[in-house]
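Enquirer: Have a look at this one before I ask anything.
The values are calculated or read from the model by the stated rules, or taken from the named source; none is laboratory data. Just so we're clear, the structure is a prediction, and the values are computed from it rather than from any experiment. For neighbour counting, all protein chains shown are included, and Cβ atoms are generated from backbone atoms with ideal geometry for every residue, glycine included. The accessibility values were calculated without ligands, DNA or RNA, using every heavy atom of the protein model including side chains. Shrake-Rupley method; radii C 1.70, N 1.55, O 1.52, S 1.80 Å.
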Amino acid sequence: MPRSDPHESRAAWFLCGPTLLLMLLLLVLPTIAVFVLSLTDAELGEPVVHFLGLDAYADLLTDRSFLGAFRHTAIYVLLVAPASVLIGLGLAMLIEAGAGGRAFFRSVYFLPVVSLVVAMASVWQYLMHPSFGPINIALRMLGFAGVNWLGSSDNVLAALAVIGVWQAVGFNMVLFLAGLTAIDRTLYAAAEMDGIRSAWDRFRVVTWPMLGPTTLFVSTISVINAVKVFETVATLTQGGPAKASETLLWVIYQEGFVYLHIGSASAMAVVFIAVLLFLLVIQTRVLDKQVHYG
Amino acid sequence: MIGRSSPLLRGLRLLVLTFGAGVILFPFIFMISTSFKPQAEVFSAGLSLIPTGSAALDNYTKALTRIPMGRILLNGVVVCAAIVLFQIVFALPAAYALAKLRFRGREILFGLVLLGLLVPIHAISIPLYAAARMLNLLNTLAVLIIPFTLSVFAIFLFRQFIRAIPDDLIHAARSDGLSEAAIVWRIILPNAWPAASAFAIFSVVAHWNDLYWPLIAISKTQLATPPLGLLFFRAAEVGDDYGALMAATVVITTPLVLFFLFAQRLFIEGVTMTGLKG
Amino acid sequence: MKPPALHLKAIGKAFGETRVLSGIDLTVAPGEFIALVGPSGCGKSTLLRIAAGLESPDEGSVVLDGRDVTAIRAADRDMAMVFQSYALYPHLTARQNMALPLVMRRMTARERLPLLGRFLPGVRAKLSAIREEIEAAATMLKIAPLLERKPAQMSGGQRQRVALGRALVRHPRAFLMDEPLSNLDAALRVHTRSEIVDLHRRAGVVTLYVTHDQEEALGMADRVAVMLGGRILQVAAPDVIYRDPQHIDVASFIGSPRINLLPASVDAAGRAQCGTHIMADGIDSPTSSQVRLGVRPEHLRLDSEARPWSLPVAIERIEFLGAGALVHCRAEGLQDPLIASVPPARAEALRHRPILHASANSLLVFDSAGARVGQRQIAACHAAE
């Protein structure tokens with residue numbers, strides 16, 4: 001780093017001072033506190049605290065509801081992220097492929113993004129109601145048996161995933177649209193001159209590789225947002241039935257703010273941070289190299 | 001020719017997109033239709049969209065009176081506006097310093113920004129809650145705002161954007177006698193306006209939707225934000241009064257949707273920019 | 001004469017309300033190198049894209065080797081194009097970039113399957129043939145050491161060569177080049193010019209070369225087509241375009257510094273008068289009495305004494321350019337300065353010679369519509385010289 005001039009340094013600290021203070025109070029200290037608390041059996045309103053050390057984490061490994069939440073979150077992510085990325089990409093390409101109705105479709109698909117999740121979850125609850133929900137009524141009209149969407153432990157994650165995908169495709173579509181318009185048109189001309197005839201080859205040779213950075217970014221965002229699923233669980237299932245829809249954030253919330261076991265909740269929060277860190281490392285260290293052709 | 005498509009393909013594109021739009025709009029359509037229906041009709045297991053009996057007045061009266069709906073929407077607006085304002089006021093000077101000034105500790109500060117990008121509010125909500133409890137801040141609007149006054153994402157985004165502003169502009173401002181603070185507000189802010197408005201949209205959508213922190217920090221209906229308010233409404237409702245619930249969801253969803261419909265370009269550009277820079 | 005290899009017939013094109021091409025007719029003989037030159041927005045790139053099949057004309061047709069290909073898509077016309085931005089695929093190495101057109105043309109979709117395709121009969125032979133051809137082309141273009149690099153790891157000049165290689169390797173029916181040198185720095189541009197000419201000579205394939213740079217057009221092409229406002233004004237060999245422009249716009253677009261244009265009126269005897277000074281005579285039945293006289297800077301002479309057929313001027317400025325010098329003069333009654341190009345050694349001495357006259361056979365006469373007017377006897381005044 002070049003030598004810094006004292007005047008510039010002073011100005012910089014003056015400008016960053018308030019932010020730095022906030023960072024310490026709202027980010028650094030709480031993060032340290034979470035790590036420290038995670039090594040204890042602290043309970044809110046309980047003055048006596050014991051130091052457990054890494055035993056707190058060992059306990060998590062045998063905690064069936066935490067392991068269940070971990071598994072449910074993973075399943076939810078595997079259902080929502082690929083579907084919302086692929087559908088988002090498909091929609092973006094379809095919208096981009098023609099002139100008609102671009103602005104209209106873009107707005108319609110984006111609508112769920114700006115609609116209150118909790119409110120729309122309530123609507124979905126009604127739509128998915130086993131007896132008088134329009135979805136089951138429609139299914140029965142078509143001769144299928146109705147499905148107990150949110151009330152059966154076999155279906156509840158899939159039902160939440162449907163809502164999650166519905167909510168997320170518009171956001172992904174907008175990002176893909178931006179990625180598509182950023183592709184140099186002459187590459188398509190070059191591909192045509194090179195004898196590329198089919199839409200599939202055009203996609204394989206130009207669109208998909210050129211969208212690489214966008215796809216990686218959209219995938220990362222989709223995975224991280226899916227890992228953070230909370231609103232629909234809190235509104236619709238409260239983790240039920242029979243804990244089948246408990247997710248990471250939901251058990252952290254329950255453990256910390258309902259049962260007030262802030263020690264073990266902190267340990268779960270640390271695991272949650274570790275999961276996010278793991279995803280980010282994969283993105284920046286492993287995949288990033290494959291989509292930037294520098 | 002590239003993009004020369006047959007009428008068949010064009011028709012297929014419109015067909016698929018229209019079908020998808022139908023799936024997207026399906027919940028909205030039933031939300032509005034059901035909010036007009038009397039309870040008996042909701043339970044009657046038909047797919048009709050047009051309500052036969054009208055319970056609109058009844059449903060919407062319940063939606064507006066079971067919980068202090070006006071107050072709740074106002075809470076949402078106040079909280080989101082305050083959050084956005086503080087975030088920009090704190091983030092912009094720091095982002096400018098990180099982007100354009102040389103000083104000892106810059107790397108460490110930027111490292112903290114990256115750490116902040118990693119750690120979401122959910123993960124540190126426990127100490128924040130404990131602190132708020134100690135300071136007697138629970139059940140205040142302030143507690144809904146304070147944890148979000150710092151946005152490392154805003155710092156990161158603005159830094160990326162400010163880096164693209166030519167140094168000469170800043171040198172010129174300095175030689176014109178502007179202080180560094182004056183440079184931030186009179187030179188950087190107008191030039192970073194697209195980033196600021198994009199971030200504002202992003203932030204409003206995120207915090208208008210957030211349920212986690214309000215659920216933890218607020219237990220009084222009077223202080224609820226829209227998502228929490230709707231949870232209170234659901235709790236106050238006995239049985240399956242979906243007509244009234246849908247009326248409440250209509251009322252609570254409309255503000256941001258209207259804002260979106262009137263400022264679509266701002267939203268789309270906002271999402272695009274925060275996405276591509278972030 | 002052999003039938004044309006490429007014939008653009010009565011081409012017209014409009015984008016919405018804007019007419020970009022009208023009545024374009026251009027025939028290219030087998031093996032010929034034609035430069036399309038004109039200012040930006042003259043429609044030259046659109047014409048090239050129409051020839052390529054990337055754009056369809058509203059009127060007219062494209063005939064390639066005697067076959068009407070207007071309705072045939074670009075991928076099936078077997079022409080190669082070099083783009084201004086090179087348009088290399090950034091995720092592929094130089095080798096893969098050059099292989100793509102060959103693979104797409106010679107191998108079936110089944111044979112192109114990753115991994116599995118390799119085991120189909122005949123695929124290995126095809127792949128090794130492609131490999132050899134790429135290596136031969138790479139050696140010719142001196143890019144063999146770069147074959148495993150991706151475009152981002154190459155300099156602009158290297159990318160340009162790979163783009164040329166991609167066009168060259170498949171032996172197309174025609175080369176179409178869209179300002180291929182404009183992203184190179186000046187020294188490299190001059191160097192690459194002669195290389196492209198060389199490649200063209202070796203390949204012997206019809207080449208359409210779009211450029212806004214008249215030096216490139218004049219220096220490289222067998223014939224130059226000057227385009228303006230969506231029309232071709234003149235197609236001719238470079239020296240003819242320069243010496244014998246048929247339109248005032250061709251005369252003023254080609255040549256640097258620009259040709260000097262003097263407004264003049266023609267009397268019944270066919271004498272052109274600029275102010276009170278007679279500048280030319282013998283002009284054929286002028287269609288209008290108002291004409292413009294064009295004279296290239298190198299054909300203007302400066303003298304110390306007035307003679308007939310000359311123009312007194314004030315010398316404003318002398319601009320040294322190394323190999324030559326430009327004398328900026330101003331004549332009474334003329335808006336634009338006149339520029340004479342002179343040997344630099346003599347430039348200073350010319351300050352005292354404020355009389356300008358044009359050398360023999362150098363005056364070009366244009367009527368008020370801009371078309372060339374014939375002359376029986378040009379600038380007879382200089383018989384004495």
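Enquirer: Per 10 Å bin from zero, what fraction in whole % of the C-alpha pairs of the stretch B:69-226 is there, up to the bin with the longest pair?
Expert: For the stretch B:69-226, the pair-distance distribution reads 10, 34, 30, 18, 7, 0.
Enquirer: Still on this model: What FRET efficiency, computed as 1/(1 + (r/R0)^6) with R0 = 45 Å and r the Cβ-Cβ distance, is obtained for B:Met134 and B:Ala263, rounded to the nearest 0.05? Each step should come with its number before you reach the end.
Expert: Values: r = 41 Å, r/R0 = 0.90.
E between B:Met134 and B:Ala263, to the nearest 0.05, is 0.65.
Enquirer: Right, next: In whole Hz, what ³J(HN,Hα) sequence does the stretch A:244-259 give by Karplus (6.51, -1.76, 1.60; θ = phi - 60°), x for Gly and Pro?
Expert: For the stretch A:244-259, the Karplus curve yields 6, 10, 5, 10, 3, 5, 5, 6, 4, 4, 4, 4, x, 10, 9, 8 Hz.
Enquirer: For the pair C:Arg73 and C:Arg106, how long in nm is the line joining their label points, each one 7 Å along Cα→Cβ?
Expert: Each label point lies 7 Å from its Cα, and together they span 2.3 nm.
Enquirer: Label 7 Å along Cα→Cβ of B:Ser6; the stretch A:92-125 residues with amide nitrogen under 16 Å?
Expert: From the stretch A:92-125, the list is empty.
Enquirer: Ok, one more. Among B:Pro127, B:Ala198, B:Val143, flag the residue with its Cα farthest along the positive direction of the charge dipole of the stretch B:69-226, charges on Cβ as +1 for Lys/Arg and -1 for Asp/Glu.
Expert: Positive-end residue among those listed: B:Pro127.
Enquirer: Turning to a different aspect of this structure: If you build a Gaussian network model of chain B, linking Cα atoms that sit under 10 Å apart, which residue out of B:Ile268, B:Ile252, B:Ile124 swings the most?
Expert: Answer for the Gaussian network model of chain B: B:Ile124.
Enquirer: Taking θ as phi - 60°, what are the ³J(HN,Hα) couplings along the stretch C:221-230 by the Karplus curve (6.51, -1.76, 1.60), each to the nearest whole Hz, with x for Gly and Pro?
Expert: Listing the rounded values in order: 7, 6, 9, 10, 10, 8, 10, 8, x, x Hz.
Enquirer: Then there is this: Take every Cα pair under 8 Å in chain A that's 6+ residues apart, average their separations, divide by the length, and report that relative contact order as a whole percent. Walk me through the numbers before you get to the answer.
Expert: Values: 332 pairs, mean separation 84.3, N = 294.
Normalised by residue count, the contact order of chain A is 29 percent.
Enquirer: Taking a cut-off of 17 Å between Cα atoms, list the lysines near C:Lys9, but don't count ones fewer than 8 places away on the same chain.
Expert: Hits, sequence-local ones excluded: C:Lys44.
Enquirer: Distance check, please: which entries in A:Lys289/C:Lys142; B:Lys62/B:Lys220; B:Lys100/C:Lys150; A:Lys228/C:Lys150 exceed 27 angstrom between their Cα atoms? List each step's numbers first, then the result.
Expert: On the way: A:Lys289/C:Lys142 29 Å; B:Lys62/B:Lys220 19 Å; B:Lys100/C:Lys150 33 Å; A:Lys228/C:Lys150 38 Å.
Too far apart for the 27 Å limit: A:Lys289/C:Lys142; B:Lys100/C:Lys150; A:Lys228/C:Lys150.
Enquirer: Something else about it: Would you mind working out the magnitude of the charge dipole of the protein assembly as shown relative to its Cα centre, with +1 at each Lys and Arg C-beta and -1 at each Asp and Glu C-beta, to the nearest 20 Debye? Intermediate results must be reported in sequence, preceding the final value.
Expert: Working: 81 positive and 70 negative charges, 258 e Å.
In total the dipole reaches around 1240 debye.
Enquirer: What nm distance separates the two modelled labels at B:Ala236 and B:Leu178, each placed 7 Å from Cα along Cα→Cβ?
Expert: 5.0
Enquirer: Here's a follow-up. Once the mean 1/r over all distinct Cα pairs of the stretch A:165-207 is inverted, what Kirkwood radius in angstroms do you read off?
Expert: Working: mean 1/r = 0.0856 Å⁻¹.
One decimal place: 11.7 Å for the Kirkwood radius.
Enquirer: Give the angle, between 0 and 90 degrees and rounded to the nearest 10, that separates the Cα long axis of helix C:123-140 from the longest principal axis of the Cα atoms of chain C.
Expert: Relative to chain C, helix C:123-140 is tipped by roughly 30 degrees.
Enquirer: Stokes-Einstein D for chain B at 20 °C, 1.002 mPa s, Kirkwood Rh over Cα pairs, in µm²/s? Please list the in-between numbers first.
Expert: Values: Rh = 22.1 Å.
Calculated translational D: 97 µm²/s.
Enquirer: Moving to a separate point now. Can you grab the distance from the C-alpha centre of the stretch C:15-75 to the C-alpha centre of the stretch B:52-84, Å, no decimals?
Expert: 63
Enquirer: In a Gaussian network model over chain A where Cα atoms closer than 10 Å are linked, find which of A:Pro47, A:Pro112, A:Pro213 has the largest mean-square fluctuation.
Expert: A:Pro47
Enquirer: Inverting the mean 1/r over all pairs of different Cα atoms, compute the Kirkwood radius of the stretch C:1-80 and quote it in Å.
Expert: Numbers: mean 1/r = 0.0773 Å⁻¹.
Computed over Cα pairs of the stretch C:1-80, the Kirkwood hydrodynamic radius comes out at 12.9 Å.
Enquirer: Follow-up. Is it possible to state the helix-based mean residue ellipticity at 222 nm for chain A, with each DSSP H run of 4+ residues giving -39500 (n - 2.57), the sum divided by total residues, to the nearest 500 deg cm²/dmol? What is it? List each step's numbers first, then the result.
Expert: Numbers: 14 runs with 182 residues, N = 294.
When only DSSP H runs of four or more count, the value is -19500 deg cm²/dmol.
Enquirer: Further question: Report, to the nearest whole %, how much of the accessible area of chain C belongs to carbon and sulfur atoms, 1.4 Å probe, protein only.
Expert: Taking all protein chains in place, chain C shows 52 percent carbon and sulfur surface.
Enquirer: Where in chain A are the helices, taken as whole DSSP H runs, whose Cα atoms extend 20 angstrom or more along the long axis and whose Kyte-Doolittle mean reaches at least 1.0? Write down the numbers at each step before the final one.
Expert: Details: long enough: A:6-23 (24 Å, 0.49); A:64-97 (49 Å, 1.44); A:156-181 (38 Å, 1.97); A:212-227 (22 Å, 1.30); A:262-281 (28 Å, 2.68).
Span-like helices here: A:64-97, A:156-181, A:212-227, A:262-281.
Enquirer: Per residue of the stretch A:229-236, what does 6.51 cos²θ - 1.76 cosθ + 1.60 with θ = phi - 60° give for ³J(HN,Hα)? Whole Hz please, x for Gly and Pro, Karplus curve as stated.
Expert: 4, 8, 4, 5, 5, 5, 7, 9
Enquirer: Working from Cα positions, state the angle (0 to 90°, nearest 10) between the long axis of helix C:186-203 and the longest principal axis of chain C.
Expert: Between helix and principal axis, roughly 60 degrees.
Enquirer: Among A:Trp208, C:Ala251, B:Ile165, pick out the residue whose Cα is farthest towards the positive end of the charge dipole of the protein assembly as shown, where Lys and Arg carry +1 and Asp and Glu carry -1 on C-beta, about the Cα centre.
Expert: Result: A:Trp208.
Enquirer: Exactly which GluC sites (Glu not before Pro) in the stretch C:128-169 are in a DSSP loop and have at most 15 other Cβ atoms within 10 Å? Mind showing how you got there, number by number?
Expert: On the way: sites: C:Glu132, C:Glu133, C:Glu135, C:Glu148; in loops: C:Glu148.
Passing both the DSSP loop test and the Cβ count: C:Glu148.
Enquirer: Here is a follow-up. What Rg and what Dmax come out for the stretch A:65-291 when only alpha-carbon atoms are used, in angstroms?
Expert: Rg and Dmax of the stretch A:65-291, Cα atoms, are 20.4, 67 Å.
Enquirer: Return one quarter of the surface area of the convex hull spanned by the alpha-carbon atoms of the protein assembly as shown, equal to its mean projected area, in nm².
Expert: Working: hull surface 216.0 nm².
Quarter of the Cα hull surface area: 54.0 nm².
Enquirer: Right, something else. Give, rounded to the nearest 20 debye, the magnitude of the charge dipole that chain A has about its Cα centre when Lys and Arg contribute +1 at Cβ and Asp and Glu contribute -1 at Cβ. Walk me through the numbers on the way to the answer.
Expert: Numbers: 15 positive and 18 negative charges, 182 e Å.
Once rounded to the nearest 20, the dipole reads 880 debye.
Enquirer: Using the Cα centre of chain C as origin and beta-carbon charges of +1 (Lys, Arg) and -1 (Asp, Glu), tell me which of C:Thr139, C:Pro4, C:Leu293 is placed farthest towards the positive end of the dipole.
Expert: Of the options given, the answer is C:Thr139.
Enquirer: Relative to the longest principal Cα axis of chain B, at what angle does helix B:264-277 sit, 0 to 90 degrees, rounded to 10?
Expert: Result, in degrees: 50.
Enquirer: Nearest 100 Å² is fine: how much accessible area is buried between B and A, summed over both sides, with a 1.4 Å probe?
Expert: Numbers: alone 16320 and 17510 Å², together 25460 Å².
The buried area between B and A, both sides summed, comes to about 8400 Å².
Enquirer: Something else: Can you give me the % of accessible surface on chain A that is carbon or sulfur? Probe 1.4 Å, all protein chains present, nothing else counted. Walk me through the intermediate numbers first.
Expert: Details: 8370 of 12250 Å².
Here it works out to 68 percent.
Enquirer: Would you mind calculating the relative contact order of chain B from Cα pairs under 8 angstrom and at least 6 residues apart, reporting the percent as a whole number? Spell out each step's value before the answer.
Expert: Working: 270 pairs, mean separation 86.8, N = 278.
Rounded, it is 31 percent for chain B.
Enquirer: With equal scatterers on the alpha carbons only and no solvent term, can you work out the Debye log10 of I(q)/I(0) for the stretch A:30-111 at 0.17, 0.21 1/Å?
Expert: Here the Debye-derived log intensity ratios amount to -0.82, -1.02.
Enquirer: Please report the accessible area of C:Glu32 (heavy atoms, 1.4 Å probe, ligands and nucleic acids excluded) in Å², nearest 10.
Expert: 20
Enquirer: Please compute one quarter of the surface area of the Cα convex hull for the stretch C:6-243 and express it in square nanometres. Write down the numbers at each step before the final one.
Expert: Values: hull surface 55.2 nm².
Here the figure is 13.8 nm², rounded to one decimal.
Enquirer: Further question: Taking the Cα centre of the stretch B:69-226 as origin, work out the dipole magnitude from +1 charges on Lys and Arg Cβ and -1 charges on Asp and Glu Cβ, in debye rounded to 20. Spell out each step's value before the answer.
Expert: Details: 11 positive and 6 negative charges, 42 e Å.
For this selection, approximately 200 debye.
Enquirer: Looking at the stretch B:168-247, which trypsin sites (Lys or Arg not before Pro) are in a loop (DSSP not H, G, I, E or B) and have at most 11 other Cβ atoms within 10 Å?
Expert: On the way: sites: B:Arg174, B:Arg186, B:Lys220, B:Arg234; in loops: B:Lys220.
Passing both the DSSP loop test and the Cβ count: B:Lys220.
Enquirer: Highest mean first, what order results for B:163-171, C:105-113 on Cβ atoms within 10 Å?
Expert: Working: B:163-171: 12.2, C:105-113: 14.2.
Highest mean packing first, the order is C:105-113, B:163-171.
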